[in-house]
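The values are calculated or read from the model by the stated rules, or taken from the named source; none is laboratory data. On a predicted model such as this, the values are computed, not experimentally measured, just so you know. Please note: Cβ atoms are built from the backbone with ideal geometry, for glycine as well, and neighbour counts cover all protein chains shown. These accessible areas exclude ligands, DNA and RNA; they are computed on the full protein's heavy atoms, side chains included. Shrake-Rupley method; radii C 1.70, N 1.55, O 1.52, S 1.80 Å.
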Amino acid sequence: MKTDAGSSINFFFPFLERSQAVFVETEAWFDNSNKRLNSVLTRLKSYGHEVKVIERGSFATVKIDNLLYDAMPHYVMMRVPIQGVRLVPKRPL
């Protein structure tokens, strides 16, 4: 789902890839997705996880405790919108 078409399909049919995803919310509201990602990574490090950013871009590739994830900026609409990052496990092809 790295291409534009694949990302679009994933946007309209989120259940195709998000079934194993984890949503980590931020503790503050950010106007920039990089700040949001940095906030989540700092939060994970504070809980004792080993975190390393492998690749940055629109979807960052992050290594957390020796597992690779695609980190996608995301928000959830509840009574108020909640910002965060959705961590989708990368599977070897």
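For the range 20-53, filtering for residues that are open to solvent by less than 90 Å² (accessible area, probe 1.4 Å) and in a strand (DSSP E or B) leaves 6.
Anything in the range 54-72 that is among the small types (Gly, Ala, Ser) and either part of a strand (DSSP E or B) or under 19 Å from Ala28 (Cβ atoms) (or both)? List them, or say none. Give the steps one after another, and end with the answer.
Narrowing the range 54-72 to residues among the small types (Gly, Ala, Ser): 57-58, 60, 71.
Ala60, Ala71, listed by residue number.
Of all residues in the range 73-93, those that are part of a strand (DSSP E or B) and either among the polar types (S, T, N, Q) or exposed (fewer than 12 other Cβ atoms within 10 Å of the Cβ) (or both) total 3.
For Asp70, indicate whether it is open to solvent by 50 Å² or more (accessible area, probe 1.4 Å), of a type in the set (Asp, Glu), free of Cβ contacts under 8 Å to residues at least 40 places away in the same chain and within 18 Å of Ala21 (Cα to Cα).
Numbers: open to solvent by 50 Å² or more (accessible area, probe 1.4 Å): no; of a type in the set (Asp, Glu): yes; free of Cβ contacts under 8 Å to residues at least 40 places away in the same chain: yes; within 18 Å of Ala21 (Cα to Cα): yes.
Taking the combined requirement at face value, the residue does not satisfy it.
In the range 58-86, what residues are of a type in the set (Val, Ile, Thr) and within 18 Å of Asn34 (Cβ to Cβ)?
From the range 58-86, those of a type in the set (Val, Ile, Thr) are 61-62, 64, 76, 80, 82, 85; that's our starting set.
Hits for the range 58-86 are Thr61, Val62, Ile64, Val85.
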